[in-house]
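A short worksheet on the structure shown next.
The values are calculated or read from the model by the stated rules, or taken from the named source; none is laboratory data. It should be emphasised that the depicted structure is a prediction, and the values quoted were computed from it without experimental measurement. Quick reminder, even Gly has a Cβ in these numbers, built from the backbone with ideal geometry, and neighbours come from all protein chains shown. Quick note on the areas: whole protein, heavy atoms, side chains included, nothing else; ligands and nucleic acids left out. Shrake-Rupley method; radii C 1.70, N 1.55, O 1.52, S 1.80 Å.
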Amino acid sequence: MADWRWEPFQDDLQEGLPEAARAETERLANEIAVRESMVYLEGAAYTGPGPGVRTESRGLLMLEYLTDVRGERIVVVQVSWFG
């Protein structure tokens, strides 16, 4: 398994969110990154199309993210907290 990671689209993406939302964002984004590493085993050598923007939610949190397969990362583009 490659060393996939996640990163925010902008540095201030989580600005203003409560600590619980930040912690849940990190937990969910890490889980998505691990899952994507198992789906796209070729990683940097992948030549197919990317999956586009997707949404994942858990409890009070909703993330919108892109999977950068060749970069072996997910990029979180929006965080919504309904708490």
List the number of the failed condition for ASP3; all other conditions in (1) at pLDDT below 95; (2) open to solvent by less than 80 Å² (accessible area, probe 1.4 Å); (3) of a type in the set (D, E, K, R) hold. (2)
Restricting to the stretch 47-83, name every residue that is basic (Lys, Arg) and in contact (Cβ under 8 Å) with a residue 40 or more places away in the chain. ARG73
Scan the stretch 57-83 for residues that are farther than 16 Å from ARG5 by Cα and in a strand (DSSP E or B) and jot them down. SER57, ARG58, LEU61, MET62, GLN78, VAL79, SER80, TRP81
Looking at this structure, is GLY50 touching a helix residue (DSSP H, G or I) at 6+ places or on another chain (Cβ under 8 Å), within 16 Å of GLY71 (Cβ to Cβ) and either of a type in the set (A, V, I, L, M) or surrounded by 12 or more Cβ atoms within 10 Å (Cβ to Cβ) (or both)? no
Failed condition for MET38, given (1) touching a strand residue (DSSP E or B) at 6+ places or on another chain (Cβ under 7 Å); (2) exposed (fewer than 14 other Cβ atoms within 10 Å of the Cβ): (1)
